[in-house]
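Colleague: The structure follows.
The values are calculated or read from the model by the stated rules, or taken from the named source; none is laboratory data. Nothing here was measured: the structure is a model prediction, and the numbers come from that model. Positions of Cβ are backbone-derived with ideal geometry, glycine not excepted, and every protein chain shown enters the neighbour counts. Side chains included, ligands, DNA and RNA excluded: accessible areas come from the protein's heavy atoms. Shrake-Rupley method; radii C 1.70, N 1.55, O 1.52, S 1.80 Å.
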Amino acid sequence: FDFERNIVRWCGAAALLLYSGDEYDLGEEDDVPVTGYLNIDTRSNVFSANYRGIHVVNRGAVSQGDYDFLNDTIANNEDYGLYLEGDEALIHSLINCIVYFNRNGSGVQYSAGTSGWTPGGATVEYCNFQNHSGGTGNIDDDPEFVNASIGDFHLDDNSPCEDVGDNTPTLGSLS
């Protein structure tokens, strides 16, 4: 499943919910059955002004698909930019992504819950990840968006993210 070139804003919950398990409780009369798993590749999306950016859930699934993010901006979400729920929830890779200014600017960009996931334990490369600069090509600097307050996430000419990513990965090569 590919999710490419979208702007996802103003969602009451997560901008993108990735779920593995038996059923998902919507709080309604019927739950949604979920079988199997998907490999999800996202590319060149903006997830902003939502409650959460990306919410990965694994409730009892033996395995989940690979969730790979390339050239995505996950910024200015009210809660965490990345939220993982369940013992086996994980993100396979983040490459050339910006994860910044989430959680009301507090600096805390992700919650791993019981999964034990950390940006250092996944493939996180050439990202501007607030409070995480370890790994190949990663930085932790204000990305200097043109005007994030009105949803303009283009990079200013002086942005530290300009021309520092890796141009070689493609969607099919991530997983």
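Condition check ((1) within 13 Å of the chain's Cα centre (by Cα); (2) more than 19 Å from V124 (Cβ to Cβ); (3) among the small types (G, A, S); (4) at pLDDT below 90) across all residues:
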site: S20; (1), (2), (3), (4): no, yes, yes, yes
site: D25; (1), (2), (3), (4): no, yes, no, yes
site: E28; (1), (2), (3), (4): no, yes, no, yes
site: L38; (1), (2), (3), (4): no, yes, no, yes
site: D41; (1), (2), (3), (4): yes, no, no, yes
site: S44; (1), (2), (3), (4): yes, no, yes, no
site: A61; (1), (2), (3), (4): no, yes, yes, yes
site: E78; (1), (2), (3), (4): no, yes, no, no
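Colleague: Same structure again: Can you say whether T114 is at pLDDT below 80 and open to solvent by 40 Å² or more (accessible area, probe 1.4 Å), as far as the supplied structure shows?
Modeller: So T114 passes the test.
Colleague: Hey, among the residues in segment 71-96 that are of a type in the set (A, V, I, L, M, F, W, C) and closer than 22 Å to G165 by Cβ, which one's surrounded by the most Cβ atoms within 10 Å (Cβ to Cβ)? Break it down into steps so the answer makes sense when it comes.
Modeller: Of segment 71-96, the ones of a type in the set (A, V, I, L, M, F, W, C) are 74-75, 82, 84, 89-91, 94-95.
Narrowing further to those that are closer than 22 Å to G165 by Cβ: 74-75, 82, 91, 94-95.
Numbers: I74: 32, A75: 24, L82: 25, I91: 24, L94: 29, I95: 23.
For segment 71-96, the residue satisfying everything is I74.
Colleague: Restricting to segment 122-134, give me the number of residues that are open to solvent by 60 Å² or more (accessible area, probe 1.4 Å) and of a type outside the set (S, T, Y).
Modeller: The qualifying residues number 1.
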